1. Ranking request for peptides 61-74, 29-42, 91-104, 168-181: highest mean number of other beta-carbon atoms within 10 Å first, then the rest in descending order.
2. What ratio of Cα Rg to 2.2 N^0.38 Å holds for region 59-120?
3. Could you derive backbone 3J(HN,Hα) for region 126-136 from the dihedral phi with the Karplus parameters 6.51, -1.76 and 1.60 (θ = phi - 60°), listing whole Hz in sequence and x where the residue is Gly or Pro?
4. Can you give me the three principal axis dimensions of region 22-147 from its C-alpha atoms, in Å, biggest first?
5. Counting alpha carbon pairs within less than 8 Å and at least 6 residues apart, what relative contact order, in whole percent, applies to region 38-229?
6. Just round it to a whole percent: the fraction of Cα-Cα distances in region 38-229 exceeding 27 Å.
7. State the extension gain, in nm to one decimal, for the chain segment bounded by A200 and T169, taking 0.36 nm per residue of separation less the distance between their alpha-carbons.
8. If amide hydrogens are placed 1.01 Å from N in the peptide plane, which non-local residues have theirs closer than 5 Å to the one on I112?
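Just so you know, all these numbers are worked out from the coordinates, no wet-lab data involved. Just so you know, these numbers come straight off a predicted model, no measurement behind them. When we count neighbours, we look across all protein chains shown, and the Cβ atoms used for this are built from the backbone with ideal geometry, even at glycine.
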Amino acid sequence: MRRHSSAAAQRFDDSRMLEGPRRRLEELSRLLRIMREFLRGFRTLHFVGPCVTVFGSARFDETHRYYALARDMGARLAQAGLTVMTGGGPGIMEAANRGAREAGGASIGCNIQLPAEQRPNPYLDQFMTFRYFFVRKVMLIKYSYGFLVMPGGFGTLDELFEALTLLQTGKMEGFRIVLMGSDYWRPVLDAIEQSTRRWATVSPDDHRLLHLTDDPAEAMHIFEQSMKAMRLKLRPMHPSRLLGEGVGRAVATPEAVPVKAG
């Protein structure tokens with residue numbers, strides 16, 4: 001009988017979760033793993049400070065203009081006192097983390113276990129590796145006060161529409177979603193707007209929740225106005241020794257020890 005590695009076994013277990021009801025003890029064990037992953041995420045990211053999360057494709061290398069744009073935005077966000085959070089992988093994620101690190105800001109990654117392992121990029125002050133996509137998505141959204149969405153594939157679209165739905169339904173208020181890369185996004189947005197207006201599936205004002213620009217200065221102005229409207233304070237919270245939370249912020253040094261969840 002062929003043996004599975006630990007990582008392979010975990011991936012196999014994740015797929016079983018989506019196959020319908022399992023034995024009660026199996027479901028309970030899985031529930032506890034999910035709860036543990038949430039708990040580690042909450043404890044680790046509680047002190048990272050106000051974040052802007054950057055979504056985008058892992059497939060653009062440093063020679064691509066979208067990589068350069070994301071790197072520039074990462075630096076600008078860091079200079080504004082914001083922590084840059086990404087999915088922790090290569091491409092756009094690496095570029096934003098790299099820009100933040102080079103500007104002396106905080107750079108965080110929420111990585112994911114995949115069949116073809118996604119390695120954390122080298123520009124992270126601290127990262128977590130999640131087993132479950134939905135837990136990771138909660139972390140990327142929970143600690144953010146705005147979202148920068150660069151061109152990307154199905155994963156990026158999923159993250160975009162998750163954030164957009166939360167804004168549309170009032171689960172989040174005052175946040176801004178900024179799309180950059182108009183030659184990529186404009187055809188997508190035009191098709192969505194044409195279809196949703198034709199069939200009246202969303203309110204006309206809902207399209208105003210998205211801000212499309214290729215100008216980094218305009219993008220930063222949108223985020224800064226949002227921060228002022230929410231009266232966001234850039235003072236980090238301090239950990240409690242009593243609760244075993246250590247000393248300093250979660251991203252106190254570039255050599256911070258990576259924390260893996262799951």
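1. Answer by packing, highest mean first, reads 91-104, 61-74, 168-181, 29-42.
2. 1.07
3. My calculation for region 126-136 gives 7, 9, 10, 10, 9, 8, 9, 4, 5, 5, 4 Hz in order.
4. 50, 30, 20
5. About 20 percent, as a whole number.
6. Values: 4153 of 18336 pairs.
For region 38-229, the fraction of Cα-Cα distances above 27 Å is 23 percent.
7. Separation in residues times 0.36 nm, less the Cα-Cα distance, equals 9.5 nm.
8. When sequence neighbours closer than 5 places are left aside, the close amide H contacts are F130.
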